[in-house]
Amino acid sequence: MSFHEKSAWACLVGIVVAYVPYFTVVLRFPMAAIGLFWLAAIVLSAVLVVFHIVNAIATKSIRSRGEVPPLDELDQSIELKASKWAGLVLSIAVVTWILVATYSALLVGGSALEQAKLAGSEVSTSAFSISVFSAMVAIHWLFAGFVIANVAYYGGIVWGYRRIASA
Amino acid sequence: MEASYGAIGESPVPKVQISNRIRELRFTAGELTQQALADRVGITRQTVIALEQGKYYPSLELAFVIAEAFGVGIEDVFQPQINSRPSKRSGRAS
């Protein structure tokens, strides 16, 4: 297994270990995000630092040369394909988020207009506001899309190397 | 060579399978290891393995550099087998 494949595995495992618990909590309790965000970032950093230290000690080529092996054309080709997948995943996530946000905004607005009509009063701009809770949920889903795109990127790299190794 | 390319998405480039003699040339060049060849041409050992097993086709630049490393012509290292049937994929193995 090459250094770059191991590195992609570490990033993939790190993201899963750090962000699956993070999103499990914050999508249920959106206001708990600030502390957990930093905790997830620290967990991810710790996984990557430990991996790179262990890998640097264990990898012969790094020991002998004192540097990380550069990406060659096969590595670049695998990364390029993974980037395309990640870009596609991110695009789908963002477009889905925009559609859901737009639909939700229309629902909120329509509901406010309907209530004002029933009450026979003028529509106040405050009726169109959304709660901080809803806004945080929306932000968490957008961030989840970004994290999923990263999983697609590193998963794509791992898949590319495994495909070459097992073909 | 004549071929019809009707379907959308089909490449007009005929399918090419490329075999190589890298493994054989390594042994004739003083039992050169995969890592030594990789260092000489600036790629990783995993790429040398993939090339030898025919799982990856190199770029033209890399093919020339590998041939140069063995001191032979490119056609002495890589042997293309061109089929007239067009390929749906680009020049990558598998």
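Of all residues in the range A:20-37, those satisfying the criterion of being touching a residue at least 60 places away in the same chain (Cβ under 8 Å) and not β-branched (Val, Ile, Thr) are A:Phe23, A:Leu27, A:Pro30, A:Met31, A:Ala33. Does the range A:85-93 include one or more residues that are closer than 30 Å to B:Gly42 by Cα, within 14 Å of chain B (Cβ to nearest Cβ) and not polar (S, T, N, Q)? No - not one qualifying residue is present in the range A:85-93. Of the residues that make up the range A:66-81, is at least one within 14 Å of chain B (Cβ to nearest Cβ), in contact (Cβ under 8 Å) with a residue 24 or more places away in the chain, of a type in the set (Val, Ile, Thr) and open to solvent by 30 Å² or more (accessible area, probe 1.4 Å)? Yes: the range A:66-81 contains one or more residues that are within 14 Å of chain B (Cβ to nearest Cβ), in contact (Cβ under 8 Å) with a residue 24 or more places away in the chain, of a type in the set (Val, Ile, Thr) and open to solvent by 30 Å² or more (accessible area, probe 1.4 Å). The condition (being of a type in the set (Phe, Trp, Tyr), within 20 Å of the chain's Cα centre (by Cα) and surrounded by fewer than 17 Cβ atoms within 10 Å (Cβ to Cβ)) is satisfied by just one residue among A:Phe29, A:Phe23: A:Phe29.
On the stretch given as the range B:9-38, residues that are open to solvent by 50 Å² or more (accessible area, probe 1.4 Å) and within 9 Å of chain A (Cβ to nearest Cβ) total 1.
In this structure, does A:Phe37 turn out to be modelled with pLDDT under 85 and under 15 Å from the mean Cα position of the chain (by Cα)? Yes; evaluated as a whole, the condition is true for this residue. Being touching a helix residue (DSSP H, G or I) at 6+ places or on another chain (Cβ under 9 Å), within 27 Å of A:Phe37 (Cβ to Cβ), of a type in the set (A, V, I, L, M, F, W, C) and open to solvent by less than 80 Å² (accessible area, probe 1.4 Å) is true for just one of A:Ala116, A:Ala93, A:Ala165. Which residue is that? Just one listed residue meets the conditions, A:Ala93. Please determine whether any residue of the range A:12-30 is at pLDDT 90 or above and under 30 Å from B:Gln53 (Cβ atoms). Yes - at least one qualifying residue is present in the range A:12-30. Between A:Val17, A:Val43, the distinction of being more than 14 Å from chain B (Cβ to nearest Cβ) and crowded, with 16+ Cβ neighbours inside 10 Å belongs to A:Val43 only.
The values are calculated or read from the model by the stated rules, or taken from the named source; none is laboratory data. Since this is a predicted model, take the numbers as computed values, not measurements. Glycine also receives a Cβ, built like all others from the backbone with ideal geometry; neighbour counts cover every protein chain displayed. Each accessible area value is taken on the protein alone, full model and side chains, heavy atoms only, with ligands, DNA and RNA left out. Shrake-Rupley method; radii C 1.70, N 1.55, O 1.52, S 1.80 Å.
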